[in-house]
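*Asks:* So that we are looking at the same thing, I have put the structure below in structure tokens.
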2 protein chains.
Amino acid sequence: MPGCVKILDAAESLFASHGVDGVSIREIAEAAGISKATVFHHFDSKEALYQAVVRRSCKGIVALVAQMAAREDGNPLASLADYRRHDLQETLAHADVVRLVLRELTLGRDDQARQLSEEVFGEHFVRLRRLIEKAQHAGELKTDVDAGLAAVSVVSINLFLFLVWPVLKHLPDTPFVRIEDAAESMFTLLLDGMARSGSVSGSQA
Amino acid sequence: MPGCVKILDAAESLFASHGVDGVSIREIAEAAGISKATVFHHFDSKEALYQAVVRRSCKGIVALVAQMAAREDGNPLASLADYRRHDLQETLAHADVVRLVLRELTLGRDDQARQLSEEVFGEHFVRLRRLIEKAQHAGELKTDVDAGLAAVSVVSINLFLFLVWPVLKHLPDTPFVRIEDAAESMFTLLLDGMARSGSVSGSQA
DNA sequence: TTGCCAGCTGACCGATCGGTCGGTATGGTT
DNA sequence: AACCATACCGACCGATCGGTCAGCTGGCAA
């Protein structure tokens, strides 16, 4: 069974950087240090292998999110900021996997999207929304803003920034130097619109 | 030369929905109603055809943006809202092309990203930033917010929402019904944080 | 009429694709 | 000892890949 993991590791990396159809089973087998026939011994087909990779990647993301959530302390707003910061950190650390999942979305397959929303983003989303609702009940955030909408806004900062960063950093007269700083600024901007009173964090420079 | 356009049209649609390596020249030729050899008569290779498709798609997007920008009237904030609304509209109308370009980003190829930032997003970004700076000078938006950062935030609303919509609409207890409404709400949320004074638009329900 | 050339085609090429098959090495059970 | 399941492999399969090429066509210039 350990050989199985080697195959998944190799496939994940290759699928992420070249797409499903951009990688052959031969290449995966070679990267895993085994023969092509062995790949088919463990997985019924290339499609089955790909689905297994996506599934494992999703579970990995969920695990990371849960691990992050365990850090919640008493201050909802600080937890929210922490949450977003660690989310970006994990996104960057596992860029291959995230790209793999993001590309899955660009195919516009509705069944895949449904599966993703149930297995990954659902938990992510619910957890984030609860955090925001907690901040609302604590009087730190405006209550007339839909918590679900706010949650998506927070996620969009990290994920979108991660996706378009290669473009952003080449933009004319760009104000961006580090993606972490850009995300922090966008988050502050968002919070300013949601805060119950005045400025929440030190955005003014 | 008109046959050339038929090829590009067919290729664009197929590349967008299946990826470069997910489509064969035979399929493209069949969709265009010509023979496979004719495709190679007009384009040196599959890669050249793909690059031509991407290039044309980018030019199309730029043209749409320029067309939108011509509508600017005296009110910067209203123009900004208009701009974003039409941008989403065009994104949805040309979903195939947008997906094609977005998938290009998930490959993380730096040279492609640089080309995209110069040929498409550069103009988009600059135009949007000027609009925001105009609103700042007119006293409608806070001046301590970086205009470039705000521009990216506005773009992220439409593009990210478009990308993850298939997932979002399946989320548990989702507050989203129409992507246009979700985008409008997120835009309002963002503006609330950037507005010089009080609420800008009728977000309170 | 002739020549020419772009547009287009069917037939074909070697390479590679996903996938199969027969067989081997290993290690645990009986 | 015989047996069996699992992991693994080299060799092979038909199909399809991107790409080539000789030749057909119709229109246009000389």
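*Asks:* Tell me which residues, restricted to the stretch B:163-205, are part of a loop (DSSP other than H, G, I, E, B) and at pLDDT 90 or above.
*Replies:* Hit for the stretch B:163-205 is B:R178, nothing else.
*Asks:* So, one more: Would you mind finding the one in A:V164, A:V101 that is over 21 Å from B:D181 (Cα atoms) and at the interface with chain B (Cβ under 7 Å from one of its Cβ atoms)?
*Replies:* Details: A:V101 fails: at the interface with chain B (Cβ under 7 Å from one of its Cβ atoms).
Answer to the selection: A:V164.
*Asks:* Would you confirm, using the coordinates I've provided, whether B:V98 is within 22 Å of A:L189 (Cβ to Cβ) and not in a loop (DSSP other than H, G, I, E, B)?
*Replies:* no
*Asks:* Another one. Exactly one condition in (1) more than 9 Å from every other protein chain (Cβ to nearest Cβ); (2) surrounded by fewer than 21 Cβ atoms within 10 Å (Cβ to Cβ); (3) over 21 Å from A:V164 (Cβ atoms); (4) of a type in the set (A, V, I, L, M) is false for A:L131; which is it?
*Replies:* With respect to (1) more than 9 Å from every other protein chain (Cβ to nearest Cβ); (2) surrounded by fewer than 21 Cβ atoms within 10 Å (Cβ to Cβ); (3) over 21 Å from A:V164 (Cβ atoms); (4) of a type in the set (A, V, I, L, M), A:L131 is out only on (2).
*Asks:* Still on this structure, please answer the following. Which residue is modelled with the highest pLDDT, if the candidates are limited to the stretch B:103-119 and must be buried (at least 21 other Cβ atoms within 10 Å of the Cβ) and among the hydrophobic types (A, V, I, L, M, F, W, C)?
*Replies:* Only one residue tops the list, namely B:L105.
*Asks:* B:L80 versus (1) buried (at least 21 other Cβ atoms within 10 Å of the Cβ); (2) away from DNA strand C (no atom under 16 Å from the Cβ); (3) not assigned by TED's automatic domain parsing to the domain that holds B:H137: which is the lone unmet condition?
*Replies:* Failing condition for B:L80: (3).
*Asks:* Still on this structure, please answer the following. If I ask for residues that are more than 23 Å from A:A29 (Cα to Cα) and over 16 Å from the mean Cα position of the chain (by Cα), which ones from the stretch A:39-74 would you list?
*Replies:* To start, the set of residues in the stretch A:39-74 that are more than 23 Å from A:A29 (Cα to Cα) comprises A:59, A:61-74.
Passing the criteria: A:A70, A:R71, A:E72, A:D73, A:G74.
*Asks:* If you don't mind, there's one more thing I want to ask. Test each condition in (1) more than 14 Å from chain B (Cβ to nearest Cβ); (2) crowded, with 16+ Cβ neighbours inside 10 Å; (3) not in a helix (DSSP H, G or I) for A:D73 and report the one that comes out false.
*Replies:* (2)
*Asks:* Please state which one of A:R103, A:R114, A:R109 is away from DNA strand C (no atom under 16 Å from the Cβ), out of contact with any Leu (no Cβ under 6 Å at 6 or more places or on another chain) and in contact (Cβ under 8 Å) with a residue 40 or more places away in the chain. Can you show your working first?
*Replies:* Numbers: A:R114 fails: in contact (Cβ under 8 Å) with a residue 40 or more places away in the chain; A:R109 fails: in contact (Cβ under 8 Å) with a residue 40 or more places away in the chain.
After ruling out the rest, the residue left standing is A:R103.
*Asks:* For a quick check of your reading of the model, give me the residue pairs whose first member lies in the stretch A:49-67 and is not assigned by TED's automatic domain parsing to the domain that holds A:H94, whose second is exposed (fewer than 15 other Cβ atoms within 10 Å of the Cβ), with beta-carbon atoms closer than 8 Å and at least 6 apart or on different chains.
*Replies:* Going by the 8 Å Cβ cut-off, there are no qualifying pairs.
*Asks:* Please go through the stretch B:20-34 and pick out each residue that is in a helix (DSSP H, G or I), within 8 Å of DNA strand D (Cβ to nearest atom) and of a type in the set (G, A, S).
*Replies:* none
*Asks:* Test of understanding: among A:G108, A:G122, A:G148, which residue is among the small types (G, A, S), outside any helix (DSSP H, G or I) and within 10 Å of chain B (Cβ to nearest Cβ)?
*Replies:* Working: A:G122 fails: outside any helix (DSSP H, G or I); A:G148 fails: outside any helix (DSSP H, G or I).
Just a single option satisfies the conditions, and that option is A:G108.
*Asks:* Going through A:A37, A:A10, A:A16 one at a time, which residue ends up being within 16 Å of DNA strand C (Cβ to nearest atom), surrounded by fewer than 17 Cβ atoms within 10 Å (Cβ to Cβ), part of a helix (DSSP H, G or I) and not assigned by TED's automatic domain parsing to the domain that holds A:A151? Walk me through it before giving the result.
*Replies:* On the way: A:A10 fails: surrounded by fewer than 17 Cβ atoms within 10 Å (Cβ to Cβ); A:A16 fails: surrounded by fewer than 17 Cβ atoms within 10 Å (Cβ to Cβ).
When all the criteria are applied, what remains is A:A37.
*Asks:* Taking only pairs six or more apart or across chains, which ones have beta-carbon atoms under 6 Å, a first residue in the stretch B:145-157 that is touching a residue at least 60 places away in the same chain (Cβ under 8 Å), and a second residue that is buried (at least 21 other Cβ atoms within 10 Å of the Cβ)?
*Replies:* What qualifies is B:V154/B:R84; B:I157/B:A183; B:I157/B:M186; B:I157/B:F187.
*Asks:* Working carefully through the options A:Q67, A:Q89, A:Q51, find the one that is at pLDDT below 85, assigned to a helix (DSSP H, G or I), surrounded by fewer than 18 Cβ atoms within 10 Å (Cβ to Cβ) and more than 14 Å from chain B (Cβ to nearest Cβ). Full working, then the answer.
*Replies:* Working: A:Q89 fails: at pLDDT below 85; A:Q51 fails: at pLDDT below 85.
Testing whether each residue is at pLDDT below 85, assigned to a helix (DSSP H, G or I), surrounded by fewer than 18 Cβ atoms within 10 Å (Cβ to Cβ) and more than 14 Å from chain B (Cβ to nearest Cβ) leaves just A:Q67.
The values are calculated or read from the model by the stated rules, or taken from the named source; none is laboratory data. Keep in mind it's a predicted model, so treat the numbers as computed, not measured. With ideal geometry, Cβ positions are generated from the backbone for all residues, glycine too; neighbour counts draw on all protein chains shown.
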